[in-house]
């Protein structure tokens, strides 16, 4: 069983917007056991859309289209669907009522026009899918056991339609295998190093469970997917296999929720322990603080940060002894430790993270090479710092260091 | 002249990653007068890639591929290119040397393997494009006046290759219409409000100049595109029309470079004046500092920040009088002004930005409603703060406030 996605709109092909719809739809389809064979982005052009439809129909069972359903002249998806299915547009009374209601209630800046009312026209062969958030309805057309689904391109309208109309309809009309996912979140070890450590386990996975490595900067998600007809066996199998990972790589697992960030996990750990953290940031420029505070409720455990970008700020505000800087240079283990200690003391917290390093493009107040960084961690029991070489790309040096700092902090929190 | 983009990788089709490469490439190609006809995402599968190549070749003059160039088994783009062009892989000595150097200098966590060395294998008919940031080289293959360009999927490697190798090569090898873009960066006014103010000007634009509104949070870019054969006329026309915007909306224009951020413009203004800035951030949690330091060379004018997330940090570290907090509450004009003043004094700078407010989800150490924020600005001449209501979406409250703070600061710097 394959699906294909066709995204329609000139704005995609001139690079004005990034097509995030396709990734969302693909992810949701995968969760219910449907693979996406191809994603195609085409122009607001009849011949082009017709071609894409023909090609997709030859390969897939479900064809999803997004975009081209607005009320303006360049939106031609509905007319093109009529051409493709040899159909005509008819007015749907329910949709018309909904459009009129939307204008009455929410769209107070303009009055309803003839063009807006035309949003209620749909191909006669289509089943209308209710778009709660907008005027363009979703449309579902069946042909020879294949389904064609046309959705608006506005992401929050499309997402709502996928979740509440499209997925339930696919589930009820198409026979699919039972499917369960579980994602193990890891940090600090590369894809190939993890693969080596869990090779035996991977080789012995039951045939109905598949493993995918999903790497990103400093993180690897391990996604287990169970697929089959015996629901009970799949759920128990996935659970049992996930547990077996802990003796093998338990030290790098930080969560079991897809998309759970490490700063979120750290927040939970600190809140449970009623402990607090502060940061003293040099080259990371406030990014650690910013990621900590991106978690709602961070005020329960985060007190603040001294972003001491300039050396003089380290000396004056963070009270790093000038002698220490002179002796070891500002990018050094000694300064990283002193920064962490002083942040912990000045902000009266249990833990503190400190960063000092050179993110480039040129050497700063130190002779350290671009990419050389020190990360310091102060805990209730002491302080330490580690040196890392983080490459030569400014943005990535910062992000890798932020990720590493969170790893180091989480390990320390777990000791309390 | 058309181009097509083919992005290769199962991770796109399972929705694990959003394809941002295509939008970047489309935008860059459009800038040099090349339209993208279609974007196609395909699996790591030989037959599928071959089909996509054939289809793209039948429609376009330039075909760009990204992805599938890694060192592992599932990366098959190079072998597939050999099949398509009836070619063989040969070792490129320069690439091999570069791969070995990368491992020596930066990739200290693992030793170079045979697979890594294979990154130096390229189709014999290809011209190698140097990838400064990674081991997979770009490749350019010409066939019947059509160009096929294969690039790594890692965005920062791909972007560098597009800018420094692909675009210059396209410009030198393909005849295109003469095209000039000019982007006027504005802040603080919505798309439709701007459209009203410049309606007469827009109606009277010469036919060879087109206008596009490109809105984002708190910013609208106005992109003028001149296209034709008379280079001189286009350059002069664009310049003249851009100038006419200043009497109409000069107060909201902050730059004339595409993608020039306001923090970049502020950096230039400060560096020119040899002046400095610091920040005192509460609910923005370090995001202002982080955006300032994302500009290379920020150490010339940014001294640091006190991220005083907790009220006690404002009192102890930032020396805000406890009495002031009690009297006015922590989210108040008085506290925002005091924070800005004290940051300027503590960090010995010419300017300081301060933020205090409630980004939600619940009320904090103050009774202020979610979305209520104060932004304070200290300058060599004094200090002031303004109140804003920023909606009810946590992330957007923070980002809107950061944007607004930069607007306020820029206006003040211009007075010196």
Point to revise | Filter pass, residue A:205 being in contact with a strand residue (DSSP E or B) (Cβ under 9 Å, 6 or more places away or on another chain) and assigned to a strand (DSSP E or B) | key: no
Residues of region B:84-127 being under 21 Å from residue A:389 (Cβ atoms) and surrounded by fewer than 13 Cβ atoms within 10 Å (Cβ to Cβ), in sequence order, are B:97, B:101, B:104, B:108, B:109, B:110, B:111, B:113
When region A:52-62 is checked residue by residue, the ones that are part of a loop (DSSP other than H, G, I, E, B) and buried (at least 18 other Cβ atoms within 10 Å of the Cβ) are A:60
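Could you list, in sequence order, all residues of region A:155-187 that are part of a loop (DSSP other than H, G, I, E, B) and touching a strand residue (DSSP E or B) at 6+ places or on another chain (Cβ under 9 Å)?
Kept after step one, since they are part of a loop (DSSP other than H, G, I, E, B), are these residues of region A:155-187: A:174-177.
Residues satisfying the conditions are A:174, A:177.
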Expected single match for in contact with a strand residue (DSSP E or B) (Cβ under 9 Å, 6 or more places away or on another chain), within 29 Å of residue A:217 (Cβ to Cβ) and buried (at least 19 other Cβ atoms within 10 Å of the Cβ) among B:147, B:136 is B:136
In region A:369-382, anything under 21 Å from residue A:330 (Cα atoms) and not in a strand (DSSP E or B) is listed as A:369, A:370, A:371
Residue hits (region B:218-261; modelled with pLDDT under 90, farther than 24 Å from residue B:414 by Cα and exposed (fewer than 15 other Cβ atoms within 10 Å of the Cβ)) are B:229, B:230, B:231
- Query: For region A:231-247, does any single residue satisfy the condition of being in a helix (DSSP H, G or I) and within 14 Å of another protein chain (Cβ to nearest Cβ)?
  - Reply: no
Region A:270-365: strands (runs of 3 or more DSSP E) wholly inside it with 2 or more residues that are within 11 Å of chain B (Cβ to nearest Cβ) and modelled with pLDDT under 95 are none
Yes/no for residue A:397 being assigned by the TED database to the domain that holds residue A:318, surrounded by 18 or more Cβ atoms within 10 Å (Cβ to Cβ), within 21 Å of residue B:157 (Cβ to Cβ) and touching a residue at least 60 places away in the same chain (Cβ under 8 Å): yes
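Would you call residue B:19 within 11 Å of another protein chain (Cβ to nearest Cβ) and either surrounded by 24 or more Cβ atoms within 10 Å (Cβ to Cβ) or under 21 Å from the mean Cα position of the chain (by Cα) (or both)?
Here the answer is yes, as residue B:19 does meet what is asked.
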Only unsatisfied item for residue B:77, checking (1) in contact with a helix residue (DSSP H, G or I) (Cβ under 9 Å, 6 or more places away or on another chain); (2) within 13 Å of chain A (Cβ to nearest Cβ), is (2)
Scanning region A:30-51 residue by residue, those facing another protein chain (nearest Cβ under 8 Å), at pLDDT 95 or above and part of a helix (DSSP H, G or I) turn out to be A:48
Fill in: Any chance residue B:31 is surrounded by fewer than 22 Cβ atoms within 10 Å (Cβ to Cβ) and free of Cβ contacts under 8 Å to residues at least 40 places away in the same chain
no
Checked region A:63-91 for anything within 27 Å of residue A:22 (Cβ to Cβ), part of a loop (DSSP other than H, G, I, E, B) and either modelled with pLDDT of 95 or more or over 33 Å from the mean Cα position of the chain (by Cα) (or both); matches are A:73, A:87
Considering residues that are farther than 11 Å from residue A:6 by Cβ and either at the interface with chain B (Cβ under 7 Å from one of its Cβ atoms) or touching a residue at least 24 places away in the same chain (Cβ under 8 Å) (or both), the number found within region A:55-66 is 3
Scanning region B:110-135 residue by residue, those outside any helix (DSSP H, G or I), out of contact with any helix residue (DSSP H, G or I) (no Cβ under 8 Å at 6 or more places or on another chain) and either at positive phi or within 13 Å of chain A (Cβ to nearest Cβ) (or both) turn out to be B:113
Of the conditions (1) at pLDDT 95 or above; (2) assigned to a loop (DSSP other than H, G, I, E, B), the single one that residue B:385 does not satisfy is (2)
The lone condition residue B:371 fails out of (1) exposed (fewer than 14 other Cβ atoms within 10 Å of the Cβ); (2) on the phi > 0 side of the Ramachandran plot is (1)
By residue number, the members of region B:248-269 that are part of a helix (DSSP H, G or I) and without any contact (Cβ under 8 Å) to a residue 60 or more places away in the chain are B:248, B:250, B:251, B:264, B:267, B:268
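The values are calculated or read from the model by the stated rules, or taken from the named source; none is laboratory data. Remember, predicted model here, so these are calculated numbers, not experimental data. We place every Cβ from the backbone using ideal geometry, glycine too, and count neighbours over all the protein chains shown.
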